[in-house]
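The values are calculated or read from the model by the stated rules, or taken from the named source; none is laboratory data. Everything quoted here is computed from the prediction, not taken from an experiment. Backbone-built Cβ (ideal geometry, glycine too); neighbour counts: all protein chains shown. Accessible surface is based on the protein model in full, side chains and every heavy atom, while ligands, DNA and RNA are left aside. Shrake-Rupley method; radii C 1.70, N 1.55, O 1.52, S 1.80 Å.
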Amino acid sequence: KEQKSRREQYLYRLARQSKSDPDISAKIGGMLIYNQVIEQFLSDIIEKSIHYIKAKIWPVSVDLEVDLDNATFGKMIEYFRQFATVEPNREKILSDLRKFNIKRNQVVHDLFDIENLENLAQELNDYADLADEIIWMLTEYDKQVCENFCKLSQQINEEENK
């Protein structure tokens, strides 16, 4: 877990550095790294949220199956919409994730049609700014899901001690 966290931090630093790099290939690489970092956050939040929901309704069981390993980025956004616990900024995150996905698709699918590399560089910088905002919001969101788990654990302990 610690190694995974260090890897995420390292990759995030690389992505952020790509904004100041004048080389367009570095900016494209940064875009791909940002995408993967955000996807990892989404995966973690979705998984934690599903476990929280199951713990909250226990002893009742519910089948909340998701295929995170094979999900496209668009599907990850949909899983977040369906399964992430309702926390502050949820709708803003969803809106920004959709914008982010549209921007990524435009850049990737129109890469050869963009005539001016300066315009592409600006698009990629805008993309990076949006990614930074999303990552910040997802970090806060993840903390809130973890806090909910702690509160639920305290509730269960209090009920058991009665």
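For region 125-141, putting each phi into the Karplus relation 6.51 cos²θ - 1.76 cosθ + 1.60 with θ = phi - 60° gives couplings of 5, 4, 4, 5, 4, 5, 4, 4, 5, 4, 4, 4, 5, 5, 4, 5, 4 Hz, in residue order, rounded to whole numbers and with x for Gly and Pro. Extending 7 Å from Cα along the Cβ direction at GLU2 and again at ARG16 yields two label points whose distance is 2.2 nm.
Only helices enter this figure: runs of n ≥ 4 DSSP H residues, each worth -39500 (n - 2.57), summed and divided by the residues of the chain, yield -27500 deg cm²/dmol at 222 nm to the nearest 500. Remark: the chain carries a charge dipole of roughly 400 debye about the Cα centre, counting +1 on each Lys and Arg Cβ and -1 on each Asp and Glu Cβ. Between VAL86 and ASP110, full extension at 0.36 nm per residue minus the direct alpha carbon distance yields a gain of 5.1 nm. Starting from one equal scatterer on each C-alpha and no solvent at all, send me the Debye-based log10 I(q)/I(0) for the chain at q = 0.11, 0.13 Å⁻¹, two decimals. For the chain at q = 0.11, 0.13 Å⁻¹, log10 I(q)/I(0) is -0.51, -0.68. Protein heavy-atom surface of region 36-162, 1.4 angstrom probe: 50% of the accessible area is carbon and sulfur, with nucleic acids and ligands not counted. Among LYS56/LYS103; LYS75/LYS151; LYS75/LYS103, which pairs are too far apart, with a Cα-Cα distance over 27 Å? Exceeds cut-off: LYS56/LYS103; LYS75/LYS151. Summarised in one figure, the compactness ratio Rg/Rh of region 1-97, Cα atoms and Kirkwood Rh, is 1.06. Think of the chain as a dipole: +1 on every Lys or Arg Cβ, -1 on every Asp or Glu Cβ, centred on the Cα centre; then among ASN157, TYR34, VAL107, ASN157 lies furthest on the positive end. Taking the average, over residues, of other Cβ atoms within 10 Å as the packing measure, peptides 37-43, 4-10, 17-23 rank 37-43, 17-23, 4-10 from highest down.
Put simply, when 134-140, 54-60 are sorted by average Cβ atoms within 10 angstrom per residue, most first, you get 134-140, 54-60.
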